[in-house]
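Before any comments, here is the structure.
The values are calculated or read from the model by the stated rules, or taken from the named source; none is laboratory data. These numbers come from a predicted model, not from an experiment. Neighbour counts run over all protein chains shown; Cβ positions are idealised from the backbone, glycine included.
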Amino acid sequence: MILIVDDDVELLKCNVRGLEQAGFECVSEPYPATALIRIREGLVPELVITDYNMAGMNGVQLATEIRKILPDVPILFHSGEYALGMDKVTNSGFRMKGCLISDLVDDIKWMLGQEK
């Protein structure tokens, strides 16, 4: 299961729809704080996809908090910009927003150790 965190609700819906059509189970959350609460309550995604620019907590801050609970979960930053700190998050990748869903699928498969 993939946890997708993005405060752009329309893009969040499109990504969920595209990834589900590609065969992935997705859980979506528009608020990083709520995503973190869900993980603290026992949600264990195989991979987290997060935006960087979000209200209240940016993607690197979210990833840092997730690492305290799930140190090995892969994190894919899916954002309109590459930001400072992303490179310090272990087991992570970056994909610019506006990409094809097939590119996102390839990134997910690579990060999960699956073939493209």
Exactly one condition in (1) modelled with pLDDT of 95 or more; (2) crowded, with 19+ Cβ neighbours inside 10 Å; (3) of a type in the set (Phe, Trp, Tyr) is not met by Tyr52; state its number.
-> (1)
Screening Asp103, Asp72, Asp107 for residues that are surrounded by fewer than 16 Cβ atoms within 10 Å (Cβ to Cβ) and not in a loop (DSSP other than H, G, I, E, B) leaves only Asp103
The condition of being acidic (Asp, Glu) and modelled with pLDDT of 95 or more holds, among Glu81, Glu65, Glu115, only for Glu65
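Please find, among Lys97, Lys68, the residue that is at negative phi, free of Cβ contacts under 8 Å to residues at least 12 places away in the same chain and not aromatic (Phe, Trp, Tyr).
Working: Lys97 fails: free of Cβ contacts under 8 Å to residues at least 12 places away in the same chain.
Step by step, each of Lys97, Lys68 is checked, and only Lys68 is at negative phi, free of Cβ contacts under 8 Å to residues at least 12 places away in the same chain and not aromatic (Phe, Trp, Tyr).
Scan Ala83, Ala63 and give me the residue that is among the hydrophobic types (A, V, I, L, M, F, W, C) and part of a loop (DSSP other than H, G, I, E, B). Full working, then the answer.
Numbers: Ala63 fails: part of a loop (DSSP other than H, G, I, E, B).
After ruling out the rest, the residue left standing is Ala83.
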So is Leu36 in contact with an Asp or Glu (Cβ under 6 Å, 6 or more places away or on another chain), of a type outside the set (D, E, K, R) and not in a strand (DSSP E or B) or not?
-> yes
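Can you pull out the residues in region 39-49 that are within 16 Å of Ile75 (Cα to Cα) and surrounded by fewer than 19 Cβ atoms within 10 Å (Cβ to Cβ)? First the steps, then the outcome.
Within region 39-49, the first condition is being within 16 Å of Ile75 (Cα to Cα), and the residues that meet it are 39, 43-49.
If the condition is that a residue be within 16 Å of Ile75 (Cα to Cα) and surrounded by fewer than 19 Cβ atoms within 10 Å (Cβ to Cβ), then Leu43, Val44, Glu46 are the ones that fit.
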Condition check for Gly18: more than 23 Å from Thr64 (Cβ to Cβ) and without any contact (Cβ under 8 Å) to a residue 60 or more places away in the chain | no
